[in-house]
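Below is one structure, written out as structure tokens; comments come after it.
The values are calculated or read from the model by the stated rules, or taken from the named source; none is laboratory data. Not measured: the values here are computed from a predicted model. Here the Cβ is made from the backbone with ideal geometry for all residues, glycine too, and neighbour counts use every protein chain on show.
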Amino acid sequence: MWLRQAFVVDPSQNLAVERDIVLKDGVIIEIAQNLQPEDVRAVLGLSNSEQIPQVNAAGKYLFPGLVDAHVHLREPGQEDKEDIRSGSRAAVRGGFTSILAMANTKPVIDQRALVEFVRIQGQRAGFAKVYPVAAVTKGFKGTELVEMMDLFEGGAVAFSDDGQGIQNSEIMRLALEYAKLTACPIIAHCEDNNLAGQGVMRRGEASARLGLRGIPASAESVMVARDVLLAGETEGKLHIAHVSTKESVQIIKKAKKLGIDVTAEVNPHHLLFTDEDISLTATAYKVNPPLPTRADQEALIEGLLDGTIDMLATDHAPHTWEDKAKPFAEVPFGINALETALAAVWQGLVAKGKLSIQKLVELWSLKPAQRFGLPAGMLKIGAPADMVLFDPDYKEEISAANLESKSLNTPFLGKEMQGFPVMVWVDGKLLLENRQIIDVKN
Ligand code: DOR
């Protein structure tokens, strides 16, 4: 396949320039400027009479498939919200070709057979590549570590009790220590349960005005401080999920200066919405950690630009309509994000000149691939052809009819957004064309 005149953005080779790309057997075999049919025939080994399948990509960006380090796929156990197939289809539609599936399913992913189940279900679906994250503690109880080596051998790429914080500091210390044997990071959901209490949004003026119980910023930041200290002491690998406070950014910055092996992610909703956007009926905005204040948001964007925060991640957290159709205080936390996240960041940051396209791709592809050791994040010759053709002008209304996800809990429902993937390939296989998933036979 010959992809012509794409504007190729690949931070792994410092590339942001017009190029032609040739694919064969699922890998990239040529990247060059202005190829001619005879060049392409030669690299593909085609005779003069054979047609060359080609795509005119002029005016569009081509970048490595995005890698999402934080996705909830709900299978096993809550398939009414999402399953591995629907979630990995939604991923492709959103431009993600590799995703990390969190372990807070029912049952939680704390045994090797469950890790293997998630991995195999992902392969069977055949859309985005699904990498299982295993639990840190058995049953998410926070008291006893899982058999890390066994789960790693089953295919886990990281360990996390995401969805809840590990309250026992000694368990967290042991987790960081033992995970070194696998070289996998511990993904920390930093939340002190006593400080968070029964809060449902960030504590501050907005929560007081709405009469909703607040979660103080310290509920996150004290755990970030604890965890970087433990990572320093154990020399373990720590990844902080969904950073949402300015204090957390400061602590991570300091930890990096001290040489602690810590990375961090931020979710688009924390960069684009604040606690001021919340109203009593807007349950799609209820998320954990809660939407930040304006000052926190500024610090998050600054942290993203100065390298304190290493990557973007969606924290795609699907919930059914019934789940979210209750009073704000009672609904579960979580935002459905895979199919809207890229357009949201495109419109909210890139199109406004706050973030370059090169940086966007680095933060959402190369960096997570590197941190979790995945074969992704670059368009080099010989690399798997996981690619996104992105049309910055494409507009679409977010609707139940369009979404591949089973759930609709997005603040963008009914809104028109701009900037979407129009073609997506995984291992050279075209899985999205004209915004439609191409069904694969299994
Ligand atoms: O908002 C959230 N939803 N935050 C989490 O940490 C968990 C997630 C979920 O699983 O729904």
Mind listing just one residue for me: the one in the range 394-410 that is in contact with a strand residue (DSSP E or B) (Cβ under 7 Å, 6 or more places away or on another chain) and farther than 15 Å from residue 127 by Cα and, of those, surrounded by the most Cβ atoms within 10 Å (Cβ to Cβ)? 409
Would you please name the residue that is surrounded by the most Cβ atoms within 10 Å (Cβ to Cβ), looking only at residues in the range 222-253 that are away from the ligand (no atom under 16 Å from the Cβ), outside any loop (DSSP other than H, G, I, E, B) and among the small types (Gly, Ala, Ser)? 231
Can you confirm whether residue 377 is within 16 Å of the ligand (Cβ to nearest atom) and on the phi > 0 side of the Ramachandran plot? no
Flag if residue 260 is at pLDDT 95 or above, assigned to a helix (DSSP H, G or I), more than 20 Å from residue 355 (Cβ to Cβ) and not acidic (Asp, Glu): no
Which ones in the range 175-196 are surrounded by fewer than 19 Cβ atoms within 10 Å (Cβ to Cβ) and either part of a helix (DSSP H, G or I) or within 16 Å of the ligand (Cβ to nearest atom) (or both)? 177, 192, 193, 194, 195
Of all residues in the range 200-221, which are assigned to a loop (DSSP other than H, G, I, E, B) and among the small types (Gly, Ala, Ser)? 204, 211, 217
Of the candidates 101, 113, 134, 69, the one satisfying the condition of being within 14 Å of the ligand (Cβ to nearest atom) and without any contact (Cβ under 8 Å) to a residue 60 or more places away in the chain is 101
Among the residues of the range 151-172, are any without any contact (Cβ under 8 Å) to a residue 40 or more places away in the chain, out of contact with any strand residue (DSSP E or B) (no Cβ under 9 Å at 6 or more places or on another chain) and either within 16 Å of the ligand (Cβ to nearest atom) or among the acidic types (Asp, Glu) (or both)? yes
What residue, of 358, 297, is surrounded by fewer than 23 Cβ atoms within 10 Å (Cβ to Cβ), out of contact with any His (no Cβ under 8 Å at 6 or more places or on another chain) and part of a helix (DSSP H, G or I)? 358
Residue list for the range 281-336, restricted to those being more than 23 Å from the chain's Cα centre (by Cα), more than 14 Å from the ligand (Cβ to nearest atom), under 26 Å from residue 82 (Cβ atoms) and touching a residue at least 24 places away in the same chain (Cβ under 8 Å): 281, 282, 325, 326, 327, 329
Residues that are among the β-branched types (Val, Ile, Thr) and within 16 Å of the ligand (Cβ to nearest atom), drawn from the range 337-349: 340
